[in-house]
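Some notes on the structure that comes next.
We did not get these values from a lab; they are worked out from the coordinates using the rules stated. What you see is a predicted model, and the numbers here were worked out from it, not measured in a lab. Because the Cβ atoms are built from the backbone with ideal geometry, glycine has one as well, and the counts that use them run over all protein chains shown.
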Amino acid sequence: MLGPMTHPLAGVFVLVAGSPLAPLPLSALPADLQPLVRGLAQHGFIVKLAVPPVRGVYGLYEARLRRIWVAPITFELGIARQTFLHEAVHAVQSCPSGVVAPLGWKLPLAPVVRQQIGGILTTAYHGNKAAEQEAFALQGQPDAVPRLLTALRQRCAPLAGR
């Protein structure tokens, strides 16, 4: 889960066409993320560019429903890419058991970034901190999309008939 929302519109759920809270088509994600969107769909994950069902978050992964949420406001804030990648990590982490668990990736991070992630996890998260740390670390990696696609193919069963 990526959040908390501190934007002045956080918590205002008036959905007007063109508003930062109105649902968006998946094509709103950058072209280089589209192979990951398709790969997730082929493995039974649903991606929604809509306000998550948990108040105050930018992104959410619902393991039981295999659903990724990315809040439309993230596009306006310039963090949609990172939010989507973060939640996609959680989707891959949930394979094959359905329980989000770290993949064991050791990712290069600048010390200041590692410190920032540690601060966020200390103040805002109460769940699986190792899985969250891994998702935060991967969302900024230049090879995030191919790495996630490879892990998706290795860890997650494709939908029947695909």
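Site pair Lys106 and Gln154 shows an inter-label distance of 1.5 nm when each label is modelled 7 Å from Cα along Cα→Cβ. Each Cα pair under 8 Å and six or more residues apart adds its separation to the average, and for the stretch 26-155 the resulting relative contact order is 23 percent.
In the stretch 22-116, the convex hull through the Cα atoms has an average projected area of 7.0 nm², a quarter of its surface area.
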